[in-house]
Amino acid sequence: SVAVGLLKRALSSQQQVRGMSSATPKRKVAVLGAAGGIGQPLGLLMKLNPLVTDLSLYDIAGTPGVACDISHINTGANVEGFAGEEDLAKALKGCDLVIIPAGVPRKPGMTRDDLFNINAGIVRSLASAIAEHCPGALVNMISNPVNSTVPIAAEVFKQKGTYDPKRLFGVTTLDVVRARTFLAHRKGLNVRDVDVPVVGGHAGITILPLFSQATPKVDLSDEELDALTKRTQDGGTEVVQAKAGKGSATLSMAYAGALFAESCVKGMNGAQDIVECSYVASSVVPGLPYFSSKVRLGPNGVEEVLGLGKLSDYEQKGLDSLKSELMSSIEKGVNFVNVKT
Ligand code: NAD
Ligand code: LMR
């Protein structure tokens, strides 16, 4: 029976590689902005994911090469590339999950909000196409400023009559990835064992890591806590400065985006207890209609938005001071759609 077990395992992993397992549902994932700094490694990681059966790579330029390149990898997902707006409908048709890393990245000296003028319009037009061609898909928004681009997509979906708050996610996983890494390094822990919830939004002080709820439990001095919090909040800027004009985080973002997308697909496929931090429609903090906190994922996207748990005094102060910036970024997104169209 050991031999039978081994044989079954071998067969099922063969089937998974070919994307043929009857137990694994077909899942079509699109990456919009697939030829970009994030899009390329993210497309690669999704091609390596056995849960993805169809991978749709879309960009306004450069996708034929990227898609051809990725398509030669001998994993199960079928890869198709689409370039140019006339191909967007085909790229989106039948998608279960759409990941959006389309738009310009920061240069040194810029805030994420400085990207609003260009990226808001890109996100609005992509959201509009999603509403038309795959209104039931889950959407993972990576394009910055996330605090505003998620409300923009929501307003577009509302106008089109397709809005489902359970299906729209701002990707804040990179903040969690950074908090885990920085804490593990600081305390000499094995990073694989470390987890840190990060709540709020995805820009500067709106990023609020909850080190008091870290796993494993850690004792931090006031200085350590302050340094780790600030480093997590400024992690994006650290990369922007290190890249010195050549963009922002792409590889760590692709890793984080792939992690979050995989959790979304697992939830869709019926896996239990899939919990990730994400920036979603929320009533966790009164007065803030969008907020990132732990979210339980399920077959239809958000199954449950979890509360914040007990905050330390330091974290409570951080929460109090992020509210006005987060609210004005949300309003800016909402107004962009409602005033301009
Ligand atoms: P990039 O410039 O390297 O790539 C962006 C890609 O988007 C380009 O290939 C471009 O052709 C494409 N694009 C532009 N308009 C498009 C449209 N209408 N439809 C489809 N594709 C379009 O930038 P990047 O480094 O990949 O960053 C992309 C975005 O992700 C930026 O806004 C950046 O700030 C953001 N970002 C977010 C996080 C996060 O944690 N959420 C992390 C890193 C970067
Ligand atoms: C990040 O956190 O790395 C991204 O939001 C990109 C940026 O502009 O910092």
### Task
Return yes or no: is Arg296 surrounded by 13 or more Cβ atoms within 10 Å (Cβ to Cβ), within 24 Å of Ala154 (Cβ to Cβ) and not hydrophobic (A, V, I, L, M, F, W, C)?
yes
### Task
Starting from region 234-262, keep only residues that are modelled with pLDDT of 95 or more and within 11 Å of ligand 2 (Cβ to nearest atom), then list their pairs with residues that are of a type in the set (Ser, Thr, Tyr) and not in a helix (DSSP H, G or I) whose Cβ atoms are within a distance under 7 Å, requiring at least 6 positions of separation or different chains.
Gly236/Ser248; Val239/Ser248; Val240/Ser248
### Message
Being part of a helix (DSSP H, G or I) and more than 10 Å from ligand 1 (Cβ to nearest atom) is the filter here; which residues of region 252-283 pass it?
### Response
Tyr255, Ala258, Leu259, Ala261, Glu262, Ser263, Cys264, Val265, Lys266, Gly267, Met268
### Task
Go through region 151-204 and give me each residue that's touching a His at 6+ places or on another chain (Cβ under 9 Å) and within 13 Å of ligand 2 (Cβ to nearest atom).
Gly170, Val171, Thr172, Leu174, Asp175
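Tell me, which residue of region 239-251 that is assigned to a loop (DSSP other than H, G, I, E, B) and hydrophobic (A, V, I, L, M, F, W, C) is nearest to Arg296 (Cα to Cα)?
Going through the qualifying residues, I end up with Ala249.
Scan region 284-341 for residues that are hydroxyl-bearing (Ser, Thr, Tyr) and assigned to a loop (DSSP other than H, G, I, E, B) and jot them down.
Keep residues of region 284-341 that are hydroxyl-bearing (Ser, Thr, Tyr), which gives 290, 292-293, 312, 314, 321, 324, 328-329, 341.
Result: Ser312, Thr341.
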### Task
May I ask you to list the residues in region 178-222 that are under 22 Å from Ser148 (Cα atoms) and either of a type in the set (Val, Ile, Thr) or surrounded by fewer than 21 Cβ atoms within 10 Å (Cβ to Cβ) (or both)?
Val198, Val199, Gly204, Ile205, Thr206, Ile207
### Task
Out of Arg112, Arg186, Arg124, report the one residue that is farther than 26 Å from Ser324 by Cβ and of a type in the set (Lys, Arg).
Arg186
### Query
What are the residues in region 95-116 that are surrounded by fewer than 16 Cβ atoms within 10 Å (Cβ to Cβ) and either away from ligand 2 (no atom under 15 Å from the Cβ) or among the aliphatic types (A, V, I, L, M) (or both), if any?
Met110
### Summary
Residue pairs qualifying under the 7 Å Cβ cut-off, at least six apart or on distinct chains, with the first in region 165-190 being more than 30 Å from Ile130 (Cα to Cα) and free of Cβ contacts under 8 Å to residues at least 24 places away in the same chain and the second being within 16 Å of ligand 2 (Cβ to nearest atom) and of a type outside the set (Gly, Ala, Ser), are Arg180/Val196
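The values are calculated or read from the model by the stated rules, or taken from the named source; none is laboratory data. Keep in mind the model is a prediction, meaning the values are calculated, not measured. Neighbour counts run over all protein chains shown; Cβ positions are idealised from the backbone, glycine included.
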